[in-house]
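**Student:** Here you go, one structure.
Nothing in this text is a laboratory measurement; each read-out follows from the coordinates by a stated rule. Values in this document were obtained by computation on a predicted structure and should not be read as measured data. As a convention, Cβ positions derive from the backbone with ideal geometry for all residues, glycine included, and neighbour counts pool all protein chains shown.
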Amino acid sequence: MQRIIYFLIRNKNFILFLTLLSISISLNFSYNEYNKSKFINSSNFIFSSLYDTKFTVSKYLNLELQNQLLLEENKNLKKILFNSETPTKSFDSINSIGFEVMTASVIKNSYSKTNNFITINKGSKHGIGIDNGVISSNGVVGIIDKTSSKYARVISILNIKSKINAKLKKSNHFGTLEWNGKNHRLVQLHDIQDLVKLVKGDTVVTSGFSSVFPENIPIGRIESFQLNDTKDLYIINVVLFNDMTNLRHVHIIENLDLEQLKILKRKNE
Amino acid sequence: MNSALFINITRFIALLLLQVLVCNQLNFLGSLNPYVYVLFVLLYPIGDNRMGFIFLAFILGFILDLFLDSGGAHATAAVSMAYIRPAFLKFSFGAVYEYQAIKLNAAEALPRLTYFTLLILIHHFILFTLIYFDSSKFKIIIYNTLINGGFTLLFVWLLNALFSSQKS
């Protein structure tokens, strides 16, 4: 017994090291399983409030650019409004399916890692829930993944775990949008049949199948495409409309019929 | 002793804030970020309570993980770095370090550079392995380790030169 205790005392540094190492590695393992990072995330109150403080200071630095973006968006919306006799399709579809739109500011953003997350300054208190979609004035940004009362974390479209349903605007062929972790301007659209005729510059939009995003929200345009290893499906490189390195104001879309859709899906199964 | 404690606490908090608020927003040339918090582990007084040191390194890494949404990668890298530090001290400075005869900032530049470089490379290798967590991305891990490691080394060296006292 004494020997064991002596052994433990002599190797206390090594034992402490092993314990801490196994704790941190297990955190890492559970983190790499999708959606399991229970408490290691920045939607936490303490950590978000630091980012929030930084945001309140630094937001003045690029006010001009952000104003420009908002003006641009307003201009586009006005153009749609004035040029249409009847309410336009996209707005009508938002209303009829029942999507609630909220606004928030990005207080933390990253794009240089392989698992990028964005933290926004609205949380469950403001009615934001998990699996709500996040867009900016130019296009899709990501999907809400964690919420606390005042903050929420978004899985950016630039996250290798992110999967978003998308389609080609012209021909309505749909596929899955993923990211290979390499370039923060390019995402990849998979699962489009080789029979489809693709043209560089075609627009890719959300498909509306996943009930996270309404239909026809812009994502990007085709830059290049090649066939996959089995030569039957395309891998399409899509240039994002969004500049993911410069996000300030985002809109959160909540699908009000999500519960009903879920019940329906469960009945189907 | 008290002033050493004070210096370490200040260094801990200052490096943490510097890392989260400045260095991780740099994204130089697209994706280069220096991980300056390794300076805390590099400069921690030699011969001080080793258990406490390993634990502090873990806490530092863990807080960074919370800020940067990186799972446990920073905690693992920092705690490993803290544990293997004595071996590298011995390798770089020779056996004298055990008698606490050297002060890191008073040591010659070449052994100090070796010590910094090796530990930073090991830290970055563990960090990027855990961040990518995919054996097929070995090339990109090595590439990131070398490039980011060089960038970190530059920053760490400059910070160290800026804040070290030149008395001795």
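**Student:** Among the listed pairs A:108/A:182; A:59/A:262; A:169/A:262, which have their C-alpha atoms separated by more than 31 angstrom in this model? Present the calculation step by step, with values, prior to reporting the outcome.
**Tutor:** Details: A:108/A:182 21 Å; A:59/A:262 39 Å; A:169/A:262 26 Å.
A:59/A:262, as the Cα separations exceed 31 Å there.
**Student:** Give the average over all directions of the projected area of the C-alpha convex hull of the protein assembly as shown, one decimal, in nm². Walk me through the intermediate numbers first.
**Tutor:** Values: hull surface 112.7 nm².
The number I arrive at for the protein assembly as shown is 28.2 nm².
**Student:** Report the equivalent ellipsoid semi-axes for region A:135-269 in whole Å, largest first, defined as the square roots of five times the eigenvalues of the gyration tensor built from alpha carbon atoms.
**Tutor:** Ellipsoid semi-axes (Å, largest first): 25, 20, 13.
**Student:** Using a ≥ b ≥ c from the Cα gyration tensor of region B:1-83 (square roots of the eigenvalues), is it rounded, prolate or oblate, where a/c under 1.5 gives rounded and otherwise the larger of a/b and b/c decides, a/b for prolate? Mind dumping the intermediate values first?
**Tutor:** Numbers: a/c = 2.25, a/b = 1.60, b/c = 1.41.
Prolate shape, in that a/c is at least 1.5 and a/b is the bigger ratio.
**Student:** Could you tell me the relative contact order of chain B? Use alpha-carbon pairs under 8 Å, at least six residues apart, and round to a whole percent.
**Tutor:** 22
**Student:** What does the helix-only formula give at 222 nm for the protein assembly as shown: each DSSP H stretch with n ≥ 4 adding -39500 (n - 2.57), the total divided by the residues, and the result rounded to the nearest 500 deg cm²/dmol? Please list the in-between numbers first.
**Tutor:** Details: 12 runs with 196 residues, N = 437.
For the protein assembly as shown, the value works out to -15000 deg cm²/dmol.
**Student:** About the Cα centre of the protein assembly as shown, what is the dipole size in debye to 20, counting +1 per Lys and Arg Cβ and -1 per Asp and Glu Cβ, all else neutral? List each step's numbers first, then the result.
**Tutor:** Numbers: 43 positive and 29 negative charges, 172 e Å.
That gives the protein assembly as shown a dipole magnitude of about 820 debye.
**Student:** Can you give the charge dipole size of region A:116-269 about its Cα centre, rounded to the nearest 20 debye, using +1 on the beta carbon of Lys and Arg and -1 on the beta carbon of Asp and Glu?
**Tutor:** Details: 21 positive and 15 negative charges, 75 e Å.
The calculated dipole for region A:116-269 is roughly 360 debye.
**Student:** Right, another one. Rounded to the nearest 20 Debye, what is the dipole magnitude of chain B about its Cα centre when Lys and Arg each give +1 and Asp and Glu each give -1 at the C-beta? Walk me through the intermediate numbers first.
**Tutor:** Details: 9 positive and 6 negative charges, 57 e Å.
Dipole of chain B, to the nearest 20 debye: 280 debye.
**Student:** I've got another one for you. Using only the Cα atoms of chain B, what do you get for the radius of gyration and for Dmax, in Å?
**Tutor:** Spelled out, the Cα radius of gyration and Dmax of chain B are 15.5, 50 Å.
**Student:** Stokes-Einstein at 20 °C, 1.002 mPa s, Kirkwood radius from Cα pairs: D for region A:170-246 in µm² s⁻¹? Don't skip to the answer; put the middle values down first.
**Tutor:** On the way: Rh = 12.9 Å.
The estimated diffusion coefficient comes to 166 µm²/s.
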